[in-house]
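Visitor: What follows is a single structure, and I will ask about it in a moment.
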Amino acid sequence: MVAGRRIRFTAVLVAVVFALTGFSSGGHSGHSGHSGKSKGSGGGGCSSSKKKSGHDSNNSNGGGKSTPSPSKSAGPPAHAQVVTCAGPGSPKAVLRVTSDVDKQSTVDVPLTFEGANGVLDRTSVRVTLKARETQTVTAPMIHDDKAADVKTCVVGRIG
């Protein structure tokens, strides 16, 4: 009686391990040099589409499908790149700012003016962008007397 339970328990345990590790015997006849695990797409393993969790109530529409909801971890609303940096006789930087969202938004673009020995000046430019729009803006230095020492301009995290 005990031996039968042990065998049954072992069989269930092996089935659970195979199910969790993605073991598949589908379609391989004979020895093909594979270890029994499926390769390529369509193999086992974990799949987020099979997740049925009651904890994610924000994304449920009641039909078993989930719809993405906006979150703060989705990335910044815009990105920027330096077109020209400040330098001798030019105490400003020119930036190209592009919206990454499908609605109008106002963003602050932080900019650091760096010299050979570190940070010389910091500024921020507020830009209102329509959905997916790109604008070219000027970011003036606060301490324009340091413009001749600027080596690089670095755009910070846009929020």
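Visitor: Right, LEU111: over 28 Å from the mean Cα position of the chain (by Cα), closer than 11 Å to ALA86 by Cβ and either among the β-branched types (Val, Ile, Thr) or part of a strand (DSSP E or B) (or both) or not? Full working, then the answer.
Guide: Details: over 28 Å from the mean Cα position of the chain (by Cα): no; closer than 11 Å to ALA86 by Cβ: yes; either among the β-branched types (Val, Ile, Thr) or part of a strand (DSSP E or B) (or both): yes.
Here the answer is no, as LEU111 does not meet what is asked.
Visitor: Related question: Residue check: is PRO76 over 13 Å from LYS146 (Cβ atoms), open to solvent by 40 Å² or more (accessible area, probe 1.4 Å) and not aliphatic (A, V, I, L, M)?
Guide: Working: over 13 Å from LYS146 (Cβ atoms): yes; open to solvent by 40 Å² or more (accessible area, probe 1.4 Å): yes; not aliphatic (A, V, I, L, M): yes.
Criteria met by PRO76.
Visitor: Could you check how many residues of region 85-108 are buried (at least 16 other Cβ atoms within 10 Å of the Cβ) and outside any strand (DSSP E or B)?
Guide: Within region 85-108, residues that are buried (at least 16 other Cβ atoms within 10 Å of the Cβ) and outside any strand (DSSP E or B) number 5.
Visitor: Give the number of residues within region 125-159 that are in contact with a Pro (Cβ under 9 Å, 6 or more places away or on another chain) and within 15 Å of PRO77 (Cβ to Cβ).
Guide: Summing the residues that are in contact with a Pro (Cβ under 9 Å, 6 or more places away or on another chain) and within 15 Å of PRO77 (Cβ to Cβ) in region 125-159 gives 7.
Visitor: Which one of PRO70, PRO140 is under 21 Å from GLY159 (Cα atoms), open to solvent by 40 Å² or more (accessible area, probe 1.4 Å) and modelled with pLDDT under 50?
Guide: Going through PRO70, PRO140 in turn, just one is under 21 Å from GLY159 (Cα atoms), open to solvent by 40 Å² or more (accessible area, probe 1.4 Å) and modelled with pLDDT under 50: PRO70.
The values are calculated or read from the model by the stated rules, or taken from the named source; none is laboratory data. Given the structure is predicted, the values throughout are model-derived calculations rather than measurements. So basically every Cβ, Gly included, is an ideal-geometry build from the backbone, and we count neighbours across all protein chains shown. These area figures cover heavy atoms from the full protein model, side chains too; ligands, DNA and RNA do not enter into them. Shrake-Rupley method; radii C 1.70, N 1.55, O 1.52, S 1.80 Å.
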